[in-house]
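S.K.: Provided herewith is a single structure, encoded as structure tokens, for subsequent inquiry.
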Amino acid sequence: MKQVKKEELMNFIHSGDTIMIGGFVSVGIPETIIDQISQSQVDHLTIISNDTGVFSGEDQALLGTGKLIIQRKVDKVIASHIGTNSETGRQMIHNELEVELTPQGTLAEKIHAGGSGLGGFLTPTGLGTVVAQGKQVVTVDGQDFLLEKALRADVAIIKAHKADELGNLIYKQAARNFNPVMALAAKTVIVEVDELVKAGELDPEEIITPFVVVDKILVKESV
């Protein structure tokens with residue numbers, strides 16, 4: 001049985017894990033799973049996500065992976081954007097958190113490469129900038145490219161709109177974002193869904209993520 005309760009989630013997430021977290025700022029984030037991690041003893045995490053959530057020291061807004069940053073559960077972040085979380089920047093400046101900034105398209109493709117079994121790919125994006133520091137430059141037909149290595153994770157926590165009991169997933173509009181590609185690039189995939197239906201009830205034409213890559217399903221509790 002793939003369905004789990006929120007109290008069981010930490011059986012699958014451990015200190016030192018590399019975790020991919022789906023979503024785009026506040027859209028399509030597995031908020032319940034993030035909350036469970038934030039309330040646990042798990043720490044020393046490496047987080048791969050589009051951003052580090054939202055935190056403002058003035059109004060105390062706190063969303064997404066920002067909760068994990070604030071609680072010092074993260075040693076390293078690989079992301080394309082940290083500007084909506086002032087605490088990420090503060091920890092980075094004071095060498096309390098390692099931040100690897102990656103252009104958004106490059107980040108998505110690194111995850112895609114990891115899920116496709118590739119070692120990496122070549123891109124001109126980032127040449128001549130800090131993005132290129134420490135990376136190999138490969139020349140093809142007279143043009144230089146950066147070699148970007150694939151990303152994989154121990155666990156991917158993602159958000160979908162609906163799942164059937166087998167684990168087939170469909171997404172709602174823009175909440176699709178990073179979630180499907182991350183589902184292919186981790187050893188364990190845990191999905192938070194708004195609704196769980198019987199096998200066969202989903203339109204096959206709408207299924208984006210197949211059941212074979214989904215390990216556990218958490219149904220979001222109604223507020």
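The values are calculated or read from the model by the stated rules, or taken from the named source; none is laboratory data. Here the structure is a predicted model, which is why all the values come from computation and not from measurement. Positions of Cβ are generated from backbone atoms using ideal geometry, with glycine treated the same way; all protein chains shown enter the neighbour counts. Surface accessibility is based on the protein's heavy atoms, side chains included, excluding ligands, DNA and RNA. Shrake-Rupley method; radii C 1.70, N 1.55, O 1.52, S 1.80 Å.
S.K.: Is there a residue being surrounded by fewer than 19 Cβ atoms within 10 Å (Cβ to Cβ), within 13 Å of the chain's Cα centre (by Cα), under 21 Å from R152 (Cβ atoms) and among the hydroxyl-bearing types (S, T, Y) anywhere in region 4-25?
M.R.: Checking region 4-25: at least one residue is surrounded by fewer than 19 Cβ atoms within 10 Å (Cβ to Cβ), within 13 Å of the chain's Cα centre (by Cα), under 21 Å from R152 (Cβ atoms) and among the hydroxyl-bearing types (S, T, Y).
S.K.: Something else now. Report, by residue number, each residue of region 61-94 that is open to solvent by 60 Å² or more (accessible area, probe 1.4 Å) and at negative phi.
M.R.: If the condition is that a residue be open to solvent by 60 Å² or more (accessible area, probe 1.4 Å) and at negative phi, then L62, L63, Q71, D75, H81, G83, S86, R90, M92, I93, H94 are the ones that fit.
S.K.: Moving on to the next point. Test I78 against the stated conditions and say whether it is in a helix (DSSP H, G or I), modelled with pLDDT of 95 or more and of a type outside the set (F, W, Y). Step through it out loud before you land on a result.
M.R.: Details: in a helix (DSSP H, G or I): no; modelled with pLDDT of 95 or more: yes; of a type outside the set (F, W, Y): yes.
It is false that I78 is in a helix (DSSP H, G or I), modelled with pLDDT of 95 or more and of a type outside the set (F, W, Y).
S.K.: Could you tell me which of the residues L166, L151, L196, L218 is farther than 25 Å from T102 by Cα, in contact (Cβ under 8 Å) with a residue 24 or more places away in the chain, surrounded by 22 or more Cβ atoms within 10 Å (Cβ to Cβ) and among the aliphatic types (A, V, I, L, M)?
M.R.: It is L218.
S.K.: Do you know which residues across region 102-132 are out of contact with any helix residue (DSSP H, G or I) (no Cβ under 7 Å at 6 or more places or on another chain), farther than 14 Å from F178 by Cα and open to solvent by 50 Å² or more (accessible area, probe 1.4 Å)?
M.R.: Matches in region 102-132: S116, G117, L118, G119, L122, P124, L127, G128, T129, V130.
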